[in-house]
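Worksheet: the structure to be examined is printed underneath.
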Amino acid sequence: MAKKSDIQTLLNDAARRGIAYREGAPTRRVAPSASAVQDAQQFVEPLPDCGSNDRDVLAMLDRVGSPATVSMVGPRYFGFVIGGSLPVTVASNWLSTAWDQNVGMHEVTPAAAILERVAMDWLLELLGLPKDSAAAFVTGATVANFTALAAARNRVFADAGWNVEADGLTGAPPVKIIVSEETHPTVFKSLGMLGFGRNRVVRAPVDAQGRIDANRFPAMDGPSIICTQAGNVNTGAFDPVAEICALAKPKNAWVHVDGAFGLWAAASPGRSHLCEGIAAADSWATDAHKWLNVPYDSGIAFVRDAGALQSAMAIKADYLMTETEFRNPSDFTPELSRRARGVDVWAALKSLGRQGIADMIDRCCSHARQFADALTSAGYEILNDVVLNQVLVSFGDDATNRRIIARIQEDGTCWCGVTVWQQKTAMRISVCNWSTTVDDVDQSLDAILAIAKRETA
């Protein structure tokens, strides 16, 4: 058994190494060097017969692993709509990890369960969602979509006189699934896991920005679930959810909103108009590890009909303490065993407050506008209306775009990804990090423009 002094030394060492990594993020290259990635092969070895000293294990993890990481926490990472965790959320994460709470039942983990309930209530208020909605703290938007759509499946089948939780899908009445032509692949994955099938969907036409065209919306005949989007992953555009809800409600159809990052626009007074009417939907999915900038992994599902979510997710067993006057977190999530994700969400909300969150969102959007204006001035084509934090830029044909993007990633000043949107290859810039500054954007633009000029000369 480890001595108390050994535990203190080990954890202090881990904190010291973590702090050094974080402090170095603003100045280190974003992508790791080829040699650092090659050095990471040192981890590949047979399972040792004998153990190693804990401090040696940690030292190797830092010495070999840290240089081979992509600096997603840094201010010049603009790929995949990834936020960089706020310092307070890293600290709360360390503390809650030390608590080692399995947040399933209130009676067993009261502090964590209460923090999640508070965080849920704050989020519903912040995002303008119905206050009686239920929330599930899950791994990310994939599972948030899955969780919300499981509740949708429960309610829609119940309305059709079928108990899907008890009787499954065999022999069940058909349910029409309507999605956008630009629905995110995580929604299709969720539909597959729920037994609806990834391909048995009706695709709603979209406009030039990737928004569902409500004037050409498919007919709803019979039980239906509609999947909409708040924040197109390429353009940042929002589906006209209010118009779709107006079409869907008379048909008793369920409307779901995939708002992995776009839902956070509701927290900004200057951009909340983008979310107008979204509260009329039945369920919503978002990521806290995107624009709220908490550590991975952290997604949230919101469902207006708390009973439908609980019916789809609740679990009972003789050995579980499920009878309580309080909210049992495991009644609303796919997992029974999980970490206390809501603690980090609470810490971010408590630290930033309503104004701090709005400022962070506005700052990121301003940086996106700065990128778009500078690239336009340099003669390159911006493919989207920059309404949020997403910028699509084209430097030329497919081969030229891919070559320039590869060089930008290799350069290490910043990191931007490649995408194909409406048959056009482009570089996607996603500004989602609390620590990004105007100077970071300027530094990134200098590198991007120099590389683009060289590669197109």
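The values are calculated or read from the model by the stated rules, or taken from the named source; none is laboratory data. Quick caveat: nothing in here was measured; it's all calculated off a predicted structure. All Cβ positions, even for glycine, are placed from backbone atoms using ideal geometry, and neighbour counts span all protein chains on display.
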Return the total of residues in the range 11-52 being farther than 30 Å from R407 by Cβ, loosely packed, with under 15 Cβ neighbours inside 10 Å and aliphatic (A, V, I, L, M).
4
Got at least one residue in the range 398-405 being crowded, with 18+ Cβ neighbours inside 10 Å and either in contact with a Cys (Cβ under 6 Å, 6 or more places away or on another chain) or under 23 Å from G262 (Cβ atoms) (or both)?
no
Here is a list: A237, A172. Which entry is over 30 Å from V386 (Cβ atoms), in contact (Cβ under 8 Å) with a residue 12 or more places away in the chain and assigned by TED's automatic domain parsing to the domain that holds W264?
A172
Please specify each residue of the range 371-413 satisfying the condition of being farther than 18 Å from T235 by Cα, part of a helix (DSSP H, G or I) and not β-branched (V, I, T).
S377, D398, A399, R402, R403, A406, R407, Q409, E410, D411
The one condition in (1) touching a residue at least 40 places away in the same chain (Cβ under 8 Å); (2) within 23 Å of G231 (Cβ to Cβ); (3) in contact with a Lys or Arg (Cβ under 8 Å, 6 or more places away or on another chain); (4) not aromatic (F, W, Y) that S394 fails to fulfil:
(1)
Criterion violated by T69 - all others in (1) surrounded by 15 or more Cβ atoms within 10 Å (Cβ to Cβ); (2) closer than 30 Å to P329 by Cα satisfied
(2)
Failed criterion for D62 (all others in (1) without any contact (Cβ under 8 Å) to a residue 60 or more places away in the chain; (2) closer than 28 Å to Q443 by Cβ; (3) out of contact with any Lys or Arg (no Cβ under 7 Å at 6 or more places or on another chain) hold)
(3)
Restricting attention to the range 115-131, does a residue exist that is modelled with pLDDT under 95 and surrounded by fewer than 22 Cβ atoms within 10 Å (Cβ to Cβ)?
no
On the basis of being of a type in the set (D, E, K, R) and closer than 28 Å to T436 by Cα, does R354 make the cut?
yes
Considering residues that are within 13 Å of I448 (Cβ to Cβ) and either within 23 Å of the chain's Cα centre (by Cα) or of a type in the set (D, E, K, R) (or both), the number found within the range 363-382 is 1
Mind checking which residues of the range 373-412 are polar (S, T, N, Q) and out of contact with any Asp or Glu (no Cβ under 8 Å at 6 or more places or on another chain)?
T376, S377, N384, N389, Q390, N401, Q409
Looking at (1) in contact with a strand residue (DSSP E or B) (Cβ under 9 Å, 6 or more places away or on another chain); (2) under 24 Å from R29 (Cα atoms), can you tell me which one E381 breaks?
(2)
